[in-house]
Amino acid sequence: MEAQPYATAPAGSATLASLPVQPLLTSEFDVDPGGVYARLRRRYGPVAPVALMGVPVWLVLDYREVVEVLRNDDQWRRDVRYWRARAEGLLPADWPLLAGYEVRQTMFMDGDEHQAARRTHHSALRPFQDGHTPQGWELRAAVARYADELIALLGAESGTAGFADLGAQYTRPLLLMVTTRLFGCPGELGDELVMDLWRMLDGGPGAGAATARAAAAMTRLAAHRRARPGDDLTSYMLLADPGLSDERLGRELFMNAVYLNDITGNMVLNTLLEVLWGNATVRRSLSAGQLGEAVNRAALINPPVANMCFRFAARDVRLGDFWIRAGDAVSPSAAAAHRDLMALDSSHLVESTISTRAHLGWGAGQHQCPSAARELGGMIVSTAVGRVFEHFARAEPTLPPDQLPWRAGPVVRGLRLLPVRYELKAKPPGPWGEGAPQPPDASHGTGRPVRGLLAALRRLMPGGR
Ligand code: HEM
């Protein structure tokens, strides 16, 4: 008898369809996802069945199992065509989370096709990866300048002390400006793109239309840069793979926009939040001048990609206390795994001043965030957070932790707003001067009109203020 290479689930073992599943996305989850993960773990062990907007999937909670799913790409496939429920037509036609999965790009590819697509990203991102190339140096300088300009604008608009929303008035416009520049967009990207990405990721109303709009905008950008190449990521992607169609390149840019715009922005806000709330270890890293370390710690406590996109079982496999059937969808939870990790050794990992790079904030395995993108993302977060502490004498959250406006979605742990009471330093240090708009009185006191970039920045503000 021929040996069977792989095990199959024993007859009678529980299936996803046979288990009672509870909705993951509840108001309790918005406020205290950690409490929900802990309860699921107590009830089911390292892997739990949950319903995402009515569709049952497995949520992987424990660090060991999450790493196994992320690393073993032979067993855990990314291509959505492996998803049995989709193939059998069992997903509701209007299921809001499906739209994002139907945009076929690097993240949802396997094997050689995936490797080739990843090489294109690597090669296109390389010129921007660090400060040793003109492109990388200029991008770094631009991020710091944009941050300074936005804070100067805040001072000009609202005074040297008052109330501000570090989401809408700082982080979101900052990331839009960076994306506009890096992607080589002919006009400034606006908040509409951010809202469409939120709708897609959070499965909001109109997620399908929002996804189509954002992907179409990126396809137009691809066509524009093909006709007029520049010193930007879009043009470098075409250089790396001239065979990319506008539509295919548009899909890749769409995914990059998710990470650069939304995920990086959330990493900025989550780091600011930990520091402003007085998280002792994050603050200690910051005051020791270890900005990167502060970001790492914030990623451990609150990773912006809280629950990663689905993997699909290539064949039946035992994971945690269940048999996962071929074609089942599993979502590896970085947020839950981090809690597991912290519980394993809180004194060593959380309280120490030694770095904890074991975090899964960048993913792991074949699909982890490409190294050049990590460099870039880390630089943007460190700069954005660093400039706030450079310019603000004081910034305190105005809402208690249980009232913070978290977005309600399965993937991203992100704030809609971060309202603070602030006071700017009297005489701002650092490079606000050079080429940047002057703080309040310089422009307003004289009654001179606010021009150029300042005017452009105003348009990025909510309501075109
Ligand atoms: C702080 C910022 C960032 C964080 C926290 C982050 C996090 C992640 C995570 C967790 C993944 C893996 C997702 C999964 O396996 O399901 C990922 C993949 C990816 N990220 Fe990042 N990312 C960041 C910034 C960026 C930036 C700036 C770019 C590009 C401009 C980028 C491009 C990518 C790409 C192309 C992938 C897909 C890789 C693949 O599937 O092979 N990321 N990122």
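Worth a mention:
- Length gained when the stretch SER18-GLU113 is fully extended (0.36 nm per residue, less Cα-Cα span): 30.7 nm
- Taking the C-alpha atoms only, the angle from helix 172-183 to the longest principal axis of the chain is near 80 degrees.
- Under a 5 Å amide H cut-off, with hydrogens placed 1.01 Å from N, ALA329 pairs with TRP58 among residues at least 5 apart or on other chains.
- Net length gained if the chain between THR8 and HIS122 were fully extended (0.36 nm per residue, minus Cα distance): 37.2 nm
- For the stretch 1-78, the list of chymotrypsin sites (Phe, Trp or Tyr not before Pro) that fall in a loop by DSSP and count at most 12 other C-beta atoms within 10 angstrom reads TYR6.
- Annotation: amide H of PHE392 within the under-5 Å range of LYS425, sequence separation 5 or more or interchain, hydrogens built in the peptide plane.
- With each label modelled as a point 7 angstrom along the Cα→C-beta vector, the ASP74-ARG226 pair spans 3.8 nm.
- Each residue of the stretch 301-310 is assigned a 3J(HN,Hα), and the resulting list reads 6, 9, x, x, 8, 6, 10, 6, 4, 5 Hz, derived from the Karplus form 6.51 cos²θ - 1.76 cosθ + 1.60 (θ = phi - 60°), x at Gly and Pro.
- Helix 371-391 axis, angle to the chain major axis (alpha carbon atoms, nearest 10°): 40 degrees
Here, each number is a calculation from the coordinates, and none is a lab measurement. Because the structure is a prediction, the values reported are computed rather than measured. Note that we place each Cβ from the backbone using ideal geometry, even for glycine, and neighbour counts take in every protein chain shown.
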